[in-house]
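Input: a single structure, listed below in structure tokens.
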Amino acid sequence: MAATFLVIGLGRFGTNLALRLMDQGNEVMVLDSDEEAVSHIAPHVTQAKVGDCMDEEVLASLGVDGFDFCFVCISENFQSSLEITSLLKELGAPMVVAKADRDLHARLLLKIGADEVVFPERDMAQRTAMRFSVNGALEYVELAPGYAIFELDVPDHWAGLTLIDLDIRRKWNVNVIGRKEDGAILPIAPDFVFAADTHIMAAGRPDDISRMVNWRGR
């Protein structure tokens, strides 16, 4: 069953968030005071509304208590973000996620009722640094602090070898959990022979994975 989202604020983050949520098959309503921004995204979301995001009557008219998640994506005015977050909770929104740029802002948002705070710019910087710190990394998903799954191009010297030959788990404390082919993740047997263009999914600590792919021996 699709989840329902309200995205308030159509800056760069709010717009991209709304579009990605739609891509995942969710129902998304957006709200912004900028008519041009709303009209631009309207064909691509479930509903698009023009209105004063800080007006309690406007928010109440949306039925915010009926959304699974409400995102506050106001960038230019932190005071507005605080007030909108507070109003959403007063109106019964079950889950309010607010965007923040600083730790102090995050603490204040949580104090006045935000259920969760996200740091898009900081998270993207961290994600970019992580991806480009590991040679051959195409994508990664952090599962817990200090532990992630990476999609990788295999190192050139792996071609013609198997997991048994490489002894990856013992040497690097890394688990190769599958290979990616035509968009699907497939199981990988210990005797699977790697080709130069094999894409793998490897789980472990980023520094262990980095050492593994940078190693040029066997």
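Nearest 10 degrees, 0 to 90: what angle lies between the long axis of helix 78-90 and the longest principal axis of the chain (Cα atoms)? For 78-90 against the chain, the angle is about 80 degrees.
Subtract the Cα-Cα distance of ARG127 and ALA60 from 0.36 nm times their separation in residues, and report this length gain in nm to one decimal.
Numbers: separation 67, 0.36 × 67 = 24.12 nm, distance 3.64 nm.
Additional length available on full extension: 20.5 nm.
Applying 0.36 nm per residue to the separation of ILE112 and GLN79 and subtracting their alpha-carbon distance, the gain on full extension is 10.7 nm.
Using a simple spin-label model with pseudo-atoms 7 Å out from Cα toward Cβ, ARG205 and ILE177 lie 1.8 nm apart.
Only bridges with both residues in the chain count here: give the DSSP antiparallel percent, nearest 5. Please list the in-between numbers first.
Working: 20 of 39 bridges.
Looking only at bridges with both residues in the chain, the antiparallel portion is about 50 percent.
Around the amide H of THR198, modelled in the peptide plane, lie the amide H atoms of VAL154, all under 5 Å away and 5 or more residues distant in sequence or on another chain.
Legend: calculated FRET efficiency, LEU161 to ILE185, from the Cβ-Cβ distance at R0 = 22 Å, rounded to 0.05, equals 0.60. Listed values for the range 185-192 are Karplus-derived 3J(HN,Hα) couplings in whole Hz (6.51 cos²θ - 1.76 cosθ + 1.60, θ = phi - 60°), namely 9, 10, x, 10, 7, x, 9, 5, and x replaces Gly and Pro. For Cα Rg over 2.2 N^0.38 Å, computed directly from the structure shown, the correct entry in [x] 0.93; [y] 1.00; [z] 1.30 is [z].
So if R0 is 25 Å, what FRET efficiency would MET95 and ALA42 give, r being the distance between their Cβ atoms, rounded to the nearest 0.05?
Details: r = 24 Å, r/R0 = 0.98.
Plugging the Cβ-Cβ distance into 1/(1 + (r/R0)^6) gives 0.55.
Angle of helix 120-133 to the longest C-alpha principal axis of the chain, folded into 0 to 90 degrees and rounded to 10: 10°. Under 14 Å from a point 7 Å along the Cα-to-Cβ line of ALA144: which residues of the range 180-213 have their amide N that close? Counting only backbone N, you get 204-206. Against the main long axis of the alpha-carbon atoms of the chain, helix 12-23 sits at an angle near 70°.
Just so you know, all these numbers are worked out from the coordinates, no wet-lab data involved. These figures come from a predicted structure and were not determined experimentally. Backbone-built Cβ (ideal geometry, glycine too); neighbour counts: all protein chains shown.
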